[in-house]
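Everything below concerns the one structure shown next.
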Amino acid sequence: MDTKKSTYKELENKIKILENHVELFDKLLEISPIYVFFKDKDIKTVCLSKNYEKLIGLAIEEMIGKTMDELFPSELAKSMIEDDKQVLNDGKIVEVVEELNERVFYTVKFPIILKDNTKILAGYTLDNTEKIKAERALKESEEKYRKIIETTSKGFWLLDKTGKCIDVNPAYCNLSGYTKDELLNMRISDVEFVEKPEETELHIKNVIQTGHDRFESIHKRKNGTVFPVEVNTSYLPLNNGLFIVFINDITERKQAEKQLKKYTEELNRLNTDKDRFMQILAHDLRSPFNTLLGFSNLLVENLRKYDIDDIEKQLILINETTQHTYNLLEDLLLWSKSQSGKLTIEPQKIVFNDICNEIINNLKENTDTKGIKIICFEPQRTILKADLNMFKTILRNLVSNAIKFTNKNGQINIYTEINQENATIIVSDNGIGINKDTCVKLWDLSQQYITTGTAGEKGTGFGLLLCKEFVENHGGKIWVESELGKGSDFKFTLPLNKS
């Protein structure tokens with residue numbers, strides 16, 4: 001018998017034995033993702049598990065005795081043959097990942113030496129398509145997650161079930177001043193300022209029960225400063241529990257809320273002032289106009305009956321009422337301009353003593369009527385830097401009030417006290433005084449307090465409000481020190497002229 005034929009016949013018999021063994025596994029392989037194959041030294045297929053038919057789409061008989069490039073001419077087939085040859089030549093196990101028809105396979109190839117030292121190739125293939133797809137999807141998800149976390153402007157923490165940080169993004173590092181290495185393994189409580197620790201426990205329970213919680217807190221930077229944050233926490237029941245925490249710096253929002261609150265309070269105050277303004281205006285104008293109408297009607301009806309003395313008396317009353325109404329309107333207009341910001345300040349050099357004496361002379365008729373003495377003196381020469389008209393209004397109102405609430409034959413002292421920056425001007429009287437509760441109401445329009453003078457004098461109700469407004473426009477302050485029955489000291493500060 002030909003030696004080659006004898007050798008081939010022997011090999012064929014051995015392969016048949018192998019085929020018989022393979023058949024034992026076929027039933028198992030049909031329901032498993034493992035595909036078994038055997039190839040001879042010429043890389044031709046000599047045996048395949050039955051489930052290869054579903055994988056390749058060809059009958060077993062069509063594939064036996066052929067190489068891969070004969071079945072599927074392609075670069076991939078050539079590469080597979082090179083791997084096969086390497087296994088047979090080097091005698092090493094080769095593991096490869098191959099893609100075919102949009103599917104991914106993991107193949108292990110290894111040599112088998114028969115008893116006659118004949119070497120054949122064996123191997124098995126796993127269909128790893130779903131696994132690879134899952135791994136790729138997971139990788140893509142991780143890349144998307146990383147990209148989102150790295151680029152978001154919000155701070156991010158990933159906490160394990162014990163509350164330790166296992167991941168943090170650059171945004172939070174920038175917010176807090178800590179590096180990522182410093183934050184890893186820290187707890188969020190290490191940077192979160194919580195006045196009531198039990199609130200933290202409540203947030204943890206809420207997020208575990210509902211899957212999400214949102215609250216506001218205060219975080220501490222590495223340098224010790226703090227900033228307000230909004231914390232959004234989600235709970236994932238993975239790896240025994242993970243907490244995803246987004247931290248948003250709400251400093252600007254809090255400042256805006258604070259500013260809005262301030263504006264709201266200011267608007268409410270302005271509305272209150274406006275309402276009070278209208279009430280005072282209606283009240284204070286009704287009375288003098290009733291007086292004017294009443295006396296003017298009497299004059300019209302009885303002009304030919306009254307003698308000249310009666311006419312003079314009524315004209316004096318009409319004149320006084322008109323002057324009072326005019327003063328009221330002047331005060332109202334000045335106050336309204338000041339509130340609207342239309343009243344400009346024009347500071348200039350003012351010699352205190354000159355203006356003080358001018359005011360005293362202008363009010364001489366009022367002081368003479370009540371026999372009141374006014375003394376203006378300066379421990380040292382006082383030169384102010386202020387708006388002249390505003391200063392005159394302040395001093396005139398304070399001196400007028402002092403005259404109004406000083407008894408007949410009383411005394412008013414006007415003097416100054418000086419420091420390096422300011423002068424304190426004091427208008428002191430020995431009149432009826434003011435109780436503590438009323439002192440507070442003097443500077444508040446919503447609680448405006450109007451009373452009658454010692455001789456029945458009526459006030460406009462806006463004099464002291466104007467004084468306060470004008471003093472504060474100069475950066476000064478105004479206050480009163482008083483005691484019932486012992487008089488009052490009204491004091492205010494204005495800047496000195498240094499030039």
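The values are calculated or read from the model by the stated rules, or taken from the named source; none is laboratory data. The shown structure was predicted, so the numbers you read here are calculated from the model rather than taken from an experiment. With ideal geometry, Cβ positions are generated from the backbone for all residues, glycine too; neighbour counts draw on all protein chains shown. All accessible areas refer to the heavy atoms of the entire protein, side chains included, with ligands and DNA or RNA removed. Shrake-Rupley method; radii C 1.70, N 1.55, O 1.52, S 1.80 Å.
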- [ ] Please work out if L299 is open to solvent by 70 Å² or more (accessible area, probe 1.4 Å), of a type in the set (A, V, I, L, M) and modelled with pLDDT under 85.
- [x] no
TODO: Check whether at least one residue in the stretch 122-129 is more than 30 Å from D40 (Cα to Cα) and among the hydroxyl-bearing types (S, T, Y), and report yes or no.
DONE: no
- [ ] Say whether the condition of being open to solvent by less than 80 Å² (accessible area, probe 1.4 Å) and aromatic (F, W, Y) is met by at least one residue in the stretch 191-214.
- [x] no
TODO: Just need a number here: residues in the stretch 386-419 that are surrounded by fewer than 19 Cβ atoms within 10 Å (Cβ to Cβ), among the polar types (S, T, N, Q), within 30 Å of S499 (Cβ to Cβ) and over 45 Å from the mean Cα position of the chain (by Cα).
DONE: 1
Task: helices (runs of 4 or more DSSP H) wholly inside the stretch 89-190 containing at least 1 residues that are open to solvent by less than 70 Å² (accessible area, probe 1.4 Å) and touching a Cys at 6+ places or on another chain (Cβ under 6 Å) - done: 180-183
Task: Residue list for the stretch 59-79, restricted to those being in contact with a Phe, Trp or Tyr (Cβ under 9 Å, 6 or more places away or on another chain) and either farther than 17 Å from I34 by Cα or hydroxyl-bearing (S, T, Y) (or both) - done: M63
Task: D275 of a type outside the set (S, T, Y) and at pLDDT below 80 - done: yes
- [ ] Please find, within the stretch 226-272, the residue that is modelled with the lowest pLDDT out of those that are open to solvent by 50 Å² or more (accessible area, probe 1.4 Å) and of a type in the set (V, I, T).
- [x] T272
TODO: Just one of (1) at pLDDT below 85; (2) open to solvent by 50 Å² or more (accessible area, probe 1.4 Å) trips up D69, so point out which.
DONE: (1)
- [ ] Restrict the check to the stretch 31-43 and report whether at least one residue is at pLDDT below 80 and loosely packed, with under 12 Cβ neighbours inside 10 Å.
- [x] yes
Task: Matching option when the condition is in a loop (DSSP other than H, G, I, E, B) and basic (K, R), among K85, K50, K78 - done: K50
- [ ] Could you tell me which residue of the stretch 361-385 is farthest from L442 (Cα to Cα), considering only residues that are under 54 Å from the mean Cα position of the chain (by Cα) and surrounded by 19 or more Cβ atoms within 10 Å (Cβ to Cβ)?
- [x] T382
TODO: Return yes or no: is N422 at pLDDT 90 or above, more than 20 Å from H324 (Cβ to Cβ), under 49 Å from the mean Cα position of the chain (by Cα) and surrounded by fewer than 21 Cβ atoms within 10 Å (Cβ to Cβ)?
DONE: yes
Open item on the list: Restricting to the stretch 139-174, name every residue that is at pLDDT 90 or above and touching a Gly at 6+ places or on another chain (Cβ under 6 Å).
Closed with: A171, Y172
